[in-house]
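Enquirer: Have a look at this one.
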Amino acid sequence: MMDLALSIVVPVYNEEVNIEPLLARIADVLPGLPAPHEVIVVDDGSRDATIAKLRSVKKNYPWLKIVELRRNFGQHSATYAGFDLARGAIVVTLDGDLQNDPADIAKLLEKMKEGYEIVCGWRSNRKDPFFSRKLPSLIVNWLIGSDAPTPIHDYGCFLRAYTNQTAKELSQFSTSRGWFPVLFAKLGFRVGEVAVSHHERRGGEQSKHNFFRRMDQFMSVFLGARAKPFQFVQIIGATGLGLGGLGLLAAIAWGLSGGDSRSLMLGLVSLGLNLWGFLTAVVGTVGEYLVGMNYEIGRHPKYLVRAIHE
């Protein structure tokens, strides 16, 4: 039921040192935002005292709703939980590590008035290390933009505003593994963007993105692009098949015109290229088929809720 003007969804994981300053910053900006409103903080199975800290300060914030998940499902699954519970006409997502500035929410809401269904933040002056954070984001932005181009620069910024209907529709796509930007253009949403500030991380875990999480993110984008990556593999295989075929024809023609051992070598190489191209094209075709099956039969839960504290 949508009976509020604004819902702010904040997924958190092991953020015990940031909870109090985060809520204080949100409390500072809420009087200037549409009311009535709610702030849904989703604890994504934290192993520290995050949930205890949230419950201890809840009495100070009547607009705070705490959602406790059973285990760590990942940031985007936690966001789905917030989407499913959000009652605001506009739903804003905000990182829990203090790198997003709640003061920028007003910019997103102002942009929404132009008729957009999603407004994304753009960290034009991002305060993150280049090799460990910025470079992977550049690669991900390129991958997403090449498959589902939308008029935005920063696909990785978590500070975004959605209409309630849009948030609920995105929540149905659990098999996207949370890469909402992959779906933005494909589902026909009207997407806008505004520049927002970005701060250095000052407390808590400095990075939750280890090698395996980075690989999972890459595969999320790869699979989120559905068939396109495997179609690219098919193109490579078809190219190899075509070049091998041309080489084989050239070797036959050379041999018929009195060629030497080099024509035989060209024929063997071309035959090998033909075989490689054929196998590569088959792998691409099978991969495209399997990704399609994954989207059709994936029925695992997005998240499980242990408790809701209102």
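Enquirer: What tally of residues in the range 20-65 results from selecting those that are among the hydrophobic types (A, V, I, L, M, F, W, C) and free of Cβ contacts under 8 Å to residues at least 40 places away in the same chain?
Expert: Initial filter on the range 20-65 (among the hydrophobic types (A, V, I, L, M, F, W, C)): 22-24, 26-27, 29-30, 33, 35, 39-42, 49, 51-52, 54, 57, 63-64.
Okay, now just the ones that are also free of Cβ contacts under 8 Å to residues at least 40 places away in the same chain, so 24, 27, 30, 35, 39, 49, 51-52, 57, 63.
Summing the residues that are among the hydrophobic types (A, V, I, L, M, F, W, C) and free of Cβ contacts under 8 Å to residues at least 40 places away in the same chain in the range 20-65 gives 10.
Enquirer: Residue under question is A161, and the condition is that it be part of a helix (DSSP H, G or I), modelled with pLDDT of 75 or more and of a type in the set (G, A, S); does it hold?
Expert: no
Enquirer: Identify, by number, the condition in (1) closer than 19 Å to T166 by Cβ; (2) of a type in the set (K, R); (3) at pLDDT below 95 that R87 doesn't meet.
Expert: Condition not satisfied by R87: (3).
Enquirer: Another question, then. Suppose we filter A78, A27 for residues that are under 22 Å from A161 (Cα atoms) and within 23 Å of the chain's Cα centre (by Cα); which single one remains? Can you show your working first?
Expert: Details: A27 fails: within 23 Å of the chain's Cα centre (by Cα).
After ruling out the rest, the residue left standing is A78.
Residues checked against (1) within 22 Å of Y303 (Cβ to Cβ); (2) surrounded by fewer than 15 Cβ atoms within 10 Å (Cβ to Cβ); (3) at pLDDT below 95:
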| site | (1), (2), (3) |
| --- | --- |
| A5 | no, no, no |
| V12 | yes, no, no |
| V17 | no, no, yes |
| I26 | no, no, no |
| V42 | yes, no, no |
| K59 | no, yes, yes |
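Enquirer: Select, from K208, K302, the only residue that is within 30 Å of L98 (Cα to Cα), outside any helix (DSSP H, G or I) and at pLDDT 70 or above.
Expert: None of the other options fit; the residue is K302.
The values are calculated or read from the model by the stated rules, or taken from the named source; none is laboratory data. Source: prediction; values computed, not measured. Every residue, glycine among them, receives a Cβ derived from its backbone with ideal geometry; neighbour counts consider all protein chains shown.
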